[in-house]
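Here the structure comes first, spelled out in structure tokens, and everything after it is commentary.
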Amino acid sequence: MLYYFVVTISIRVAIARLKEDVLVVRYEDLINSPLNVLTQIEQFIDVDLSISKSKVAKQSKLNTGHILTGNRLRQNKELTFKQGLAINFKPNKTQRIVIKCMALWSTLLGFNKF
């Protein structure tokens, strides 16, 4: 939980200091509208992402590249992005407490404003 707190505060400080040099991408937006989000990223950093957008549209495999940290994606060489993928997750009591604490921190740090 401390890790999440430190990371969240660091992100919030970076967003506040860098202002228009930061593009905030919400996970929910990426899942629900991946092509729109990729277009926003493409315009923001002025890079052609047409190959990636085409692969996402066709649900082709994407190369994960180099991931420094994170979850099981680090162990995969490729992934398939599926729009609107719902995660069927039933948290236990401890996990529910952690999720509520994370939501509270997000609210206190202003992440619900995006």
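The values are calculated or read from the model by the stated rules, or taken from the named source; none is laboratory data. As the structure is a prediction and not an experimental result, all values here were calculated from the model. When we count neighbours, we look across all protein chains shown, and the Cβ atoms used for this are built from the backbone with ideal geometry, even at glycine.
Within segment 86-113, can you find the residues that are surrounded by fewer than 11 Cβ atoms within 10 Å (Cβ to Cβ) and modelled with pLDDT under 75?
86, 87, 88, 89, 112, 113
State which residue is farthest from residue 4 (Cα to Cα) when the search covers only segment 31-79 and only residues that are in a loop (DSSP other than H, G, I, E, B) and at pLDDT 90 or above.
48
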